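Undergrad: The structure is given below, and queries will be raised subsequently.
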Amino acid sequence: MLEVRDITKTYNAGTVTETRLFEHFSLSVEEGQFVSIVGSNGSGKTSLLNIICGSIPVDGGDVLVAGESISRLKDYQRYATMGRVYQNPALGTCPNLTMLENLSLADNKGKSFGLGRGVNKKRIDFYRSELAGLGLGLEDKLHIKMGSLSGGQRQAVALLMATMTPLKFLILDEHTAALDPKTADIIMELTDRVVREKQLTAMMVTHNLRYAVEYGDRILMMSQGHVVMDKAGEEKRNTSMDDILALFNQISLQ
Amino acid sequence: MNLDLIVSTITQGLIYALVAFGVYITYTILDFPDLSVDGSFPLGAAVTAVLLVQGVNPWAALAAAIAAGILAGLATGVIHVVFHVRNLLAGIITQTALFSINLMVAGASNVPIGRGTDTIFTSGPAALLGDASLSTRRLVVSLVLVVVVKLVLDAYFRTKSGLLLRAVGDNSTLVTALGKNMGNVKILGLALSNGLVALAGGVVCQADKSFTATMGTGQVVFGLASVIIGISLFRKLSFVKGTTAVLVGSILYKACIQAAMQLGFDPFMLKFITAALFLLVLIVSGRKGEEIIHA
């Protein structure tokens with residue numbers, strides 16, 4: 001489904017602070033797979049997401065979706081078939097627009113933004129039922145400005161918006177890191193449900209090892225631009241938290 | 001204060017609300033402090049003056065002014081989006097270049113419009129006003145024009161395109177995530193904004209019956225002041241539309257300037273008073289200059 005092939009990425013090339021992060025890095029993700037990526041700071045996990053999304057340029061290599069290269073596409077063109085939920089809950093929604101306006105924007109993704117009505121009243125019932133599905137009591141707050149909701153509520157709506165239209169790929173960029181532990185659990189639970197229900201291919205970067213172990217069907221651990229652990233399916237289920245923690249402590253000390 | 005002065009102040013406030021609408025789109029909605037305004041305002045006036053002198057229909061002349069303003073906005077947008085020039089600098093470049101372009105269009109630094117020339121205040125729909133005085137005609141025509149523009153803008157902000165425009169200033173990351181090129185949306189907003197400002201220039205030209213090359217000086221400040229007064233005044237009343245707030249802000253600001261001038265200042269102190277009052281507005285509303293630039 002998604003393939004990162006032979007990526008080379010150097011930061012601050014030609015200066016004393018030159019850092020070669022990726023050297024001929026490759027990774028492939030199968031359709032319908034939910035991959036969790038863990039690793040210490042600077043391991044390259046966020047850079048990897050940014051490379052896939054086209055937010056940062058690479059020195060060499062290719063990114064393919066369903067066998068086709070997307071390396072020449074600009075970031076906004078790549079997002080046509082990709083969804084992304086960010087660490088910062090403020091990035092997933094427009095604070096000064098109402099929830100209804102936000103949902104309408106997301107609902108229109110992939111279509112033209114012309115002079116038709118911005119909010120389609122016929123869709124309100126659908127939005128209500130989707131919001132009710134979140135279980136946060138948001139279905140009665142359609143006309144409230146997004147900015148007045150809490151971080152957790154915003155993140156839940158951001159998740160809903162990112163997955164509202166058909167996607168090839170969902171990117172979760174430490175999307176629970178800015179939330180309190182209880183809210184983070186709720187969002188993680190929701191994420192898992194959405195990914196399963198919509199049968200999405202997803203990549204989740206997280207600092208929470210427990211989430212990486214409990215959710216998803218493949219776990220990757222990265223360190224200094226390399227994959228140091230890659231377990232999927234049965235093998236992943238047989239991996240305990242202790243095994244992962246032991247390896248994680250080892251790479252963090254390096 | 002006599003009645004004539006009140007009528008003329010309200011008329012001015014109405015006409016200049018068109019400038020404020022333009023600034024509202026860039027400054028408030030797009031979060032883009034656009035300085036091209038000082039150039040696109042006289043551009044609209046220059047185009048209008050030249051066409052009126054040649055006997056073109058005054059409403060057609062305004063349409064041409066809008067088109068010219070749209071081109072000016074496109075220029076600022078392309079300089080910023082395609083060539084990655086910072087927003088303030090992109091506006092300054094356009095504004096400076098427009099000074100020469102305006103002179104080129106007008107052919108002189110001052111173009112008077114002859115007494116007998118038809119304007120939007122004397123011909124067309126305004127003929128329905130019969131033998132009303134010129135100041136009444138100006139008031140009525142300006143009022144109708146500004147209300148129509150306001151309603152069209154309000155309707156536009158509710159369309160899909162309008163929603164996307166509001167989203168760009170609010171959270172451009174989301175627009176990218178929707179698979180849309182936020183650069184194009186910004187260019188669209190700048191074009192729309194400068195089209196409105198040039199329309200204002202065209203209307204002022206028809207009201208004052210002249211184009212002068214320096215008539216753009218201070219228009220950005222005027223627009224910003226109107227927007228900030230209007231938005232601050234109605235901040236707590238969320239049901240008041242932004243355009244309504246800005247329209248009221250424009251009339252109030254013109255009234256403040258007029259009141260200050262009545263204290264006996266020389267006419268050449270007008271721009272100083274405009275600037276000083278703007279500073280006062282910033283201080284009172286708690287928005288300092290730094291925020292204007294970096295907001």
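The values are calculated or read from the model by the stated rules, or taken from the named source; none is laboratory data. Small disclaimer: the values here were computed from a predicted structure and weren't measured. With ideal geometry, Cβ positions are generated from the backbone for all residues, glycine too; neighbour counts draw on all protein chains shown.
Undergrad: Take the range A:20-71 and flag every residue that is surrounded by fewer than 21 Cβ atoms within 10 Å (Cβ to Cβ) and among the basic types (K, R).
TA: A:R20
Undergrad: Just checking, does the range A:22-45 include any residue being of a type in the set (A, V, I, L, M) and within 14 Å of another protein chain (Cβ to nearest Cβ)?
TA: Scanning the range A:22-45 turns up no residue that is of a type in the set (A, V, I, L, M) and within 14 Å of another protein chain (Cβ to nearest Cβ).
Undergrad: Still on this model: For the range A:146-162, state whether one or more residues are in contact with a Lys or Arg (Cβ under 8 Å, 6 or more places away or on another chain) and within 23 Å of A:S26 (Cβ to Cβ).
TA: No: zero hits.
Undergrad: Let me ask another. Among (1) crowded, with 22+ Cβ neighbours inside 10 Å; (2) in contact (Cβ under 8 Å) with a residue 60 or more places away in the chain; (3) over 30 Å from A:R117 (Cβ atoms), where does A:Q87 come up short?
TA: The single condition A:Q87 does not satisfy is (1).
Undergrad: A further question follows. Restricting attention to the range B:169-201, which residues are more than 9 Å from chain A (Cβ to nearest Cβ), β-branched (V, I, T) and either crowded, with 23+ Cβ neighbours inside 10 Å or closer than 20 Å to A:T165 by Cα (or both)?
TA: B:V197, the sole residue that qualifies.
Undergrad: Separate question: Going residue by residue through the range A:173-180, is there one that turns out to be over 15 Å from the mean Cα position of the chain (by Cα) and of a type outside the set (F, W, Y)?
TA: Start the filter on the range A:173-180 by keeping residues that are over 15 Å from the mean Cα position of the chain (by Cα), which leaves A:179-180.
Among the residues that remain, those that are also of a type outside the set (F, W, Y) are: A:179-180.
Among the residues of the range A:173-180, at least one is over 15 Å from the mean Cα position of the chain (by Cα) and of a type outside the set (F, W, Y), which makes the answer yes.
Undergrad: Confirm whether B:A132 is among the aliphatic types (A, V, I, L, M), free of Cβ contacts under 8 Å to residues at least 60 places away in the same chain and not in a helix (DSSP H, G or I).
TA: On the way: among the aliphatic types (A, V, I, L, M): yes; free of Cβ contacts under 8 Å to residues at least 60 places away in the same chain: yes; not in a helix (DSSP H, G or I): yes.
Against the criterion (among the aliphatic types (A, V, I, L, M), free of Cβ contacts under 8 Å to residues at least 60 places away in the same chain and not in a helix (DSSP H, G or I)), B:A132 qualifies.
Undergrad: Considering only the range A:118-132, I want to know if a residue exists there that is of a type in the set (G, A, S), assigned to a helix (DSSP H, G or I) and in contact with a strand residue (DSSP E or B) (Cβ under 8 Å, 6 or more places away or on another chain).
TA: Going through the range A:118-132, the residues of a type in the set (G, A, S) turn out to be A:118, A:129, A:132.
Now narrow it down to the ones that are assigned to a helix (DSSP H, G or I): A:129, A:132.
Add one more test, that the residue is in contact with a strand residue (DSSP E or B) (Cβ under 8 Å, 6 or more places away or on another chain), and what stays is none.
Looking through the range A:118-132, none of the residues is of a type in the set (G, A, S), assigned to a helix (DSSP H, G or I) and in contact with a strand residue (DSSP E or B) (Cβ under 8 Å, 6 or more places away or on another chain).
Undergrad: Using the structure shown, decide if A:A80 is more than 26 Å from A:T183 (Cα to Cα), facing another protein chain (nearest Cβ under 8 Å) and not in a loop (DSSP other than H, G, I, E, B).
TA: Working: more than 26 Å from A:T183 (Cα to Cα): yes; facing another protein chain (nearest Cβ under 8 Å): yes; not in a loop (DSSP other than H, G, I, E, B): yes.
In short, yes.
Undergrad: Only residues that are surrounded by fewer than 17 Cβ atoms within 10 Å (Cβ to Cβ) and either basic (K, R) or assigned to a helix (DSSP H, G or I) (or both): list them for the range B:79-89, please.
TA: B:R86, B:L88, B:L89
Undergrad: Quick test of your reading of the structure: B:R235 fulfils all but one of (1) without any contact (Cβ under 8 Å) to a residue 24 or more places away in the chain; (2) within 24 Å of B:G39 (Cβ to Cβ). Name the failing condition by number.
TA: For B:R235, the failing item is (2).
Undergrad: Quick check, is B:R166 in contact with a Phe, Trp or Tyr (Cβ under 7 Å, 6 or more places away or on another chain) and basic (K, R)?
TA: Yes.
Undergrad: Can you tell me how many residues within the range B:137-167 are of a type in the set (S, T, N, Q) and within 22 Å of B:A45 (Cα to Cα)?
TA: Total satisfying the criteria: 1.
Undergrad: Given (1) modelled with pLDDT of 90 or more; (2) within 24 Å of B:L139 (Cα to Cα); (3) crowded, with 17+ Cβ neighbours inside 10 Å, identify the lone condition not met by B:K241.
TA: Of everything listed in (1) modelled with pLDDT of 90 or more; (2) within 24 Å of B:L139 (Cα to Cα); (3) crowded, with 17+ Cβ neighbours inside 10 Å, B:K241 misses just condition (3).
Undergrad: Now for a different question. Tally the residues that are in a helix (DSSP H, G or I) and farther than 16 Å from B:Y24 by Cα, restricting the search to the range B:175-229. Let's see the steps before the verdict.
TA: Kept after step one, since they are in a helix (DSSP H, G or I), are these residues of the range B:175-229: B:175-177, B:182-208, B:219-229.
If we keep only those that are farther than 16 Å from B:Y24 by Cα too, we end up with B:175-177, B:182-184, B:201-208.
The qualifying residues number 14.
Undergrad: In the range B:18-31, which residue that is hydrophobic (A, V, I, L, M, F, W, C) and surrounded by 24 or more Cβ atoms within 10 Å (Cβ to Cβ) is farthest from the chain's Cα centre (by Cα)?
TA: Per the criteria, the residue is B:L30.
Undergrad: Can you find, within the range A:1-19, the residue that is modelled with the lowest pLDDT among those that are surrounded by fewer than 21 Cβ atoms within 10 Å (Cβ to Cβ) and charged (D, E, K, R)?
TA: A:E18
Undergrad: Further, regarding this structure: From (1) away from every other protein chain (no Cβ under 13 Å); (2) surrounded by 21 or more Cβ atoms within 10 Å (Cβ to Cβ); (3) β-branched (V, I, T); (4) free of Cβ contacts under 8 Å to residues at least 60 places away in the same chain, pick out the condition that doesn't hold for B:V144.
TA: B:V144 satisfies all of (1) away from every other protein chain (no Cβ under 13 Å); (2) surrounded by 21 or more Cβ atoms within 10 Å (Cβ to Cβ); (3) β-branched (V, I, T); (4) free of Cβ contacts under 8 Å to residues at least 60 places away in the same chain except (2).
Undergrad: Given (1) in contact with a Gly (Cβ under 8 Å, 6 or more places away or on another chain); (2) surrounded by 22 or more Cβ atoms within 10 Å (Cβ to Cβ); (3) within 11 Å of another protein chain (Cβ to nearest Cβ), where does A:T165 come up short, assuming only one miss?
TA: The one condition A:T165 does not meet is (2).
Undergrad: Mind listing whichever residues of the range A:88-103 are at the interface with chain B (Cβ under 7 Å from one of its Cβ atoms) and part of a loop (DSSP other than H, G, I, E, B)?
TA: A:T93, A:C94, A:P95, A:N96, A:L97
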